[in-house]
1. Here is a check on your reading of the model: is ILE93 farther than 18 Å from SER79 by Cβ and either in contact with a Cys (Cβ under 9 Å, 6 or more places away or on another chain) or among the charged types (D, E, K, R) (or both)?
2. Only one residue in PRO66, PRO33, PRO53 is over 30 Å from GLY140 (Cα atoms) and loosely packed, with under 14 Cβ neighbours inside 10 Å, so which one is that?
3. Regarding the range 78-99, can at least one residue be identified that is touching a Phe, Trp or Tyr at 6+ places or on another chain (Cβ under 6 Å) and not assigned by TED's automatic domain parsing to the domain that holds CYS135?
4. Could you check the range 31-54 and list, in sequence order, the residues that are touching a residue at least 40 places away in the same chain (Cβ under 8 Å) and either part of a loop (DSSP other than H, G, I, E, B) or under 18 Å from ARG108 (Cβ atoms) (or both)?
5. Please give the number of the condition LEU88 fails out of (1) aliphatic (A, V, I, L, M); (2) more than 30 Å from PRO137 (Cα to Cα); (3) out of contact with any His (no Cβ under 8 Å at 6 or more places or on another chain).
6. Among the residues of the range 12-47, which ones are under 26 Å from LEU70 (Cβ atoms) and either of a type in the set (Ser, Thr, Tyr) or in contact with a His (Cβ under 7 Å, 6 or more places away or on another chain) (or both)?
7. Suppose we filter ILE100, ILE82, ILE127, ILE106 for residues that are among the hydrophobic types (A, V, I, L, M, F, W, C), within 20 Å of ALA138 (Cα to Cα) and exposed (fewer than 13 other Cβ atoms within 10 Å of the Cβ); which single one remains?
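The values are calculated or read from the model by the stated rules, or taken from the named source; none is laboratory data. Since the structure is predicted, the reported quantities are computational estimates derived from the model, not experimental observations. Heads up, the Cβs are rebuilt from the backbone with ideal geometry, glycines too, and the neighbour counts pull from every protein chain shown.
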Amino acid sequence: MCGALVPEKTVWWLVSFCWSGTSWSYVSTQNSPGEVHVNDIQNNRKAITRLEPHQAYETLGVFLAPDGNLDAQFQKMKSATIKWADSLRTGNIERTKVWIALQSTILRTLAYPLSALRLTRCQMEQIMAPLLQYCLPAMGICRNFLRKLGIST
């Protein structure tokens, strides 16, 4: 069956708000119960997992949550750079190939979700830190070299 929904890989959120007198907040699943059921490929009725508005779910390679928090995506990207830098560090790669490896692998992985995110400068610096710590010296560049360009008036 082409285009069949797989209940085990599908989630849903009920995004509802509550006014506390001073501010709005998301309503939890406990305060707003509900279920969604679908029939699977064998026509068995299955419940679809419901998530809280603060819980992110990975879809098309990006973790997104209805409340806008990006914690899961930030952790995924940070873990990816740590793992990538460690893999390259423990391997044996020529100085001239480090730049090519950086551009053709991990930076592409990091660039893909950026259009759907609003990470802070601090978060991006934390994500990039493992790459800079390994790649700059591996390419023969001092890792402490000033990377900020300023325009004085």
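1. Details: farther than 18 Å from SER79 by Cβ: yes; either in contact with a Cys (Cβ under 9 Å, 6 or more places away or on another chain) or among the charged types (D, E, K, R) (or both): no.
No, not satisfied.
2. Numbers: PRO66 fails: loosely packed, with under 14 Cβ neighbours inside 10 Å; PRO53 fails: loosely packed, with under 14 Cβ neighbours inside 10 Å.
Just one listed residue meets the conditions, PRO33.
3. No, there is no match, as no residue in the range 78-99 is touching a Phe, Trp or Tyr at 6+ places or on another chain (Cβ under 6 Å) and not assigned by TED's automatic domain parsing to the domain that holds CYS135.
4. ILE41, ILE48, PRO53
5. (2)
6. Residues satisfying the conditions are SER16, SER20, THR22, SER23, SER25, TYR26, SER28, THR29, SER32.
7. Working: ILE82 fails: exposed (fewer than 13 other Cβ atoms within 10 Å of the Cβ); ILE127 fails: exposed (fewer than 13 other Cβ atoms within 10 Å of the Cβ); ILE106 fails: exposed (fewer than 13 other Cβ atoms within 10 Å of the Cβ).
After applying the criteria, what remains is ILE100.
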